[in-house]
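For reference, the structure discussed in these notes is given below.
What follows draws every value from the coordinates through simple rules; no lab data is involved. Please read these numbers as outputs of a predicted model, since none were measured by experiment. Because the Cβ atoms are built from the backbone with ideal geometry, glycine has one as well, and the counts that use them run over all protein chains shown.
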Amino acid sequence: MNIHGIRAIYRFEMARTFRTLMQSIASPVLSTSLYFIVFGAAIGSRMGEIDGTSYGAFIIPGLIMLSLLNESISNASFGIYMPKWAGTIYELLSAPVSWVEVLLGYVGAAATKSVMLGLLILITARFFVAYEIAHPIWMFAFLVLTSVTFSLFGFIIGLWADDFQKLQVIPLMVVTPLTFLGGAFYSISMLPPLWQKITLFNPVVYLISGFRWSFYGHADVHIAVSTGMTLGFLAICLAIVSWIFRTGWKLRS
Amino acid sequence: MSHSAPPVPDAAASDAIVSIRNLGKTYAGGFEALRDINLDIRRGEILALLGPNGAGKTTLISIICGIVNATRGTVYADGHDIRHDYRAARAAIGLVPQELHTDAFESVMATLKFSRGLFGRPPNPAHLEKVLRDLSLWDKRNAKIMTLSGGMKRRVLIAKALSHEPKILFLDEPSAGVDVELRHDMWQMVRQLRESGTTIILTTHYIEEAEEMADRIGVINKGALIVVEDKAVLMRKLGKKQLTLSLQQAMERIPEGLAGLPLELSEDGLTLVYTFDTQSEETGIAGLLRRLGEQGIDFKDLRSSESSLEEIFVNLVRKPKGNPA
C-alpha cells in the first residue's frame, strides 16, 4: 500500500480546508446556528414536545445531518473536481496509487472535515438548546459513517461533473430537499399514513432517524434498519467508485 | 532512397528501459490516434519524438504514463507491465505535461512534497532542495505558484516530475512558451540528468531542440512511428548535400552533355544545384566539374550545404508511410 501517497493526498486536502476556514467551517456553523436561534430558541419555545423531547433539542440531530450531508458532498466533490478542472489530475492518474488509496486520501480528508464540522455544530448548539446524548459512541459512529458515506457520494459527483453547475445540482436539487423532507424538523409519525409510507423511500430518513436515536434513544425507524441502509448506501458508492477507476470512466480516455 | 517502417524491436533487449509492442489507440469516436507502435527506448538515452500536431506523440506518452488507456498492445517501463504492475512502472516515471497544469494556490515546496509523497517516496528535504536549486527555484520555494511567471511554472512542473527521483523522464513540449535563456538552461539541466543516468524522452516542435540534445530521433506521423534512428545516422541516411554553382552566364536549359546528373537549374538560369548522396564514397563532384569544363560552362562561385534535421523531418512527414525518404 502506498502510505506516502495516501498521506500526501490527505494533507493536501486538509491544507485546502484550513486555507478556506471561513468558507468550509465558519460559514456552515454560522448558518446552522441561525437555524437553532430561529427554530430552536424562538419558534421552538412555542412548539410542544416530540416524543418527550423539546422541539429545540429534537431538531439538533436533523440540523447536524443537514450540514453534514451538504458539506461532505461539497468537500469531496470539490476535492476531486478541482484537479480535473485545473488539469492537475494528470499527476494523480500517472501516480502509483490504487483507487482505494485515492479514496482514503480524498474521502478521508472530506470526512474528517465533516466530522469536525458536526462536532463544532454540536458544541455550538449547546449555547442555544439544552440536550443530552443517550449513546455517545453510537452518535460518533453515526457521525463518522454518514460523513464517510456522503463524502464517497460527493466524490462520485465530483468524478461525474464536467462543469460547476453539475457539481452543485445534486446537493441543491436532490440532497437538500430530501433532508428537509427526511424528518430534520419533524418526526415522520406526524405525517399522514400515506406520506409516512412514501417518506420511507427517502434514504435520508434512515440517517436522521438513526442519528436521533443515538441522542434520545427513540426514532422513527429501528436503529438496525438505519445502520443497514446507511451501510448499504456506502457499499453502493464503493462499488460505483471501483467501477469508475476500473473502467476509467470520465477519468481516462 | 527508401526507408521501411522500424522493425519490431528485440523484446529481450537488455538496455531497453521502455519497451512498446504493437501499441494502438482508437478513441471512442473511432479516431485511430496510434497504429502498431513498436519501440525500445534505451536506458540512459535522450530520445526526441518529433511529429506534426495531432500525430500521436502526446497520446503515446500519456499511455506510457497511465493517463490514457491503450486499445491494444503492451508497454513495459523499467521491466514492469504498465497495466498489471502499474505501481512499479509508474514509480519509475516522471512526467512534465505540455500544458501548465499547476495547483495555483499551493506554494512551490508544498506542491513538490505532494508529488514526492504521491509517488510513494518518503520525505527527503535535501533532494527537494537540490531539485529546486538546480532549477533556480530555491528562492521561490515559499511563493504561491499563481504568482510565478509562465517560465517559472514550467520549472515547477519539471521539479515536480523530478521530486520522486524517476529513472525515466517524459518532457512533453518542454520549451513551449519558454524564453531562449530558460530553454538553454533547460537543455543544460536535461544533459545533467542524462549524465546522472536518467532516461529522457521529449517531444518537441523545436527541431533545433532535438538536434541539440537527442541521441536518437523518432518521428511519428498520423499515429505511426515512421522512423526511429540515431540522430547522426538519420541525418546521414536521410539528409542530402547540395553543391550550388553561381554561373558566369545564364543558361536556358541544362545542356545535353550534363544529362543524367542530379542537377537543377534556377529560373533565372544563373544557378545550378547539384544534389549528391551523403552516404556514398563517391560524391561525383570531380566528374561534374570536369564535364562543366568540357561544356565550356564557367562559374564564379560554388558552395556546399547539408540538410538540417528540420528539412529531413519535413520530408519524412510529407511522404507517404513506408517511403519516407
Quiz prompt | Stokes-Einstein D for the stretch A:212-253, Kirkwood Rh over Cα pairs, 10 °C, 1.306 mPa s (µm²/s) | solution = 128
Quiz item: Among bridges DSSP assigns within the protein assembly as shown, what percent are antiparallel (round to 5)?
Solution: 70
Quiz item: Just counting partner chain Cβ atoms within 10 Å, what average do the residues of peptide B:92-104 show around their Cβ?
Solution: 3
Self-check item: Rounded to whole Hz, the Karplus (6.51, -1.76, 1.60) HN-Hα couplings of the stretch A:214-221, x for glycine and proline
Solution: 5, 7, 10, x, 9, 7, 6, 10
Practice problem: Kindly state, to the nearest 0.05, the FRET efficiency for A:Gln165 paired with A:His222, given R0 = 45 Å and r defined as their beta-carbon distance. | Solution: 0.70
Practice problem: Calculate how steeply helix A:99-125 sits against the longest principal axis of the alpha-carbon atoms of chain A, using the helix alpha-carbon long axis, and give the answer as 0 to 90 degrees to the nearest 10. | Solution: 30
Quiz item: Which whole number of Å³ per residue matches the convex hull of the alpha-carbon atoms in the protein assembly as shown?
Solution: 190
Quiz prompt | Share antiparallel - DSSP beta bridges, chain B, percent rounded to 5 | solution = 70
Self-check item: Angle between chain A longest axis and helix A:55-86 axis [Cα atoms, degrees, rounded to 10]
Solution: 10
Exercise. State the Kirkwood hydrodynamic radius of the stretch B:164-275 in Å, one decimal place, computed from all pairs of distinct Cα atoms.
Key: 17.8
Practice problem: Loop only per DSSP, at most 13 neighbouring Cβ atoms within 10 Å: give me the trypsin sites (Lys or Arg not before Pro) in the stretch B:92-160, ordered by residue number. | Solution: none
Practice problem: Can you pull a Stokes-Einstein diffusion coefficient for the stretch B:49-127 at 4 °C (1.567 mPa s), Rh from Kirkwood over Cα pairs, as a whole number of µm²/s? | Solution: 89
Quiz item: Other chains' Cβ within 10 Å of B:121-128 residues: what's the mean?
Solution: 1
Self-check item: Scattering curve values for chain B, log₁₀ I(q)/I(0), Debye with Cα scatterers, q = 0.08, 0.12 Å⁻¹
Solution: -0.48, -0.86
Self-check item: Burial ordering of B:Arg303, B:Arg216, fewest other beta-carbon atoms within 10 Å first
Solution: B:Arg303, B:Arg216
Quiz prompt | Rounded to 10°, Cα long-axis angle of helix A:3-19 versus longest principal axis of chain A | solution = 60
Quiz item: For chain A, what's the relative contact order in percent, using C-alpha pairs closer than 8 Å and at least 6 residues apart?
Solution: 26
Exercise. Kindly provide the pair-distance distribution of chain A built from C-alpha pairs, with 10 Å bins from 0 and whole-percent values in order of increasing distance.
Key: 7, 31, 34, 19, 7, 1
Quiz item: Ordered by packing density, taken as the mean number of other Cβ atoms within 10 Å over each peptide's residues, highest first, how do B:73-79, B:251-257 rank?
Solution: B:73-79, B:251-257
Practice problem: Taking only the C-alpha atoms, wrap a convex hull around the stretch A:57-180 and report its volume per residue in Å³ as a whole number. | Solution: 103
Quiz item: How much mean residue ellipticity at 222 nm does chain A get from its helices, if each DSSP H run of length 4 or more adds -39500 (n - 2.57) and you divide by all residues, to the nearest 500 deg cm²/dmol?
Solution: -22500 deg cm²/dmol
Practice problem: Provide the gained length on full extension for the span B:Lys300 to B:Met146, in nm with one decimal, where the gain is 0.36 nm per separating residue minus the Cα-Cα distance. | Solution: 49.4 nm
Quiz item: Taking B:Lys57 as the anchor, which lysines have their alpha carbon closer than 16 Å to its alpha carbon, excluding any fewer than eight residues away along the same chain?
Solution: B:Lys25, B:Lys222
Self-check item: Ellipsoid equivalent to the stretch B:240-306 - semi-axes via the Cα gyration tensor, in Å
Solution: 19, 13, 11
Quiz item: Per-residue ellipticity at 222 nm for chain B, helices alone: DSSP H runs ≥ 4 residues times -39500 (n - 2.57), over residue total, nearest 500 deg cm²/dmol?
Solution: -9000 deg cm²/dmol
Exercise. Over the whole of B:62-69, what's the average partner chain Cβ count within 10 Å per residue? Rounded to a whole number, please.
Key: 5
Quiz item: chain A: longest stretch without exposed GluC sites (Glu not before Pro) (DSSP loop, at most 12 other Cβ within 10 Å), sites themselves excluded?
Solution: A:133-253
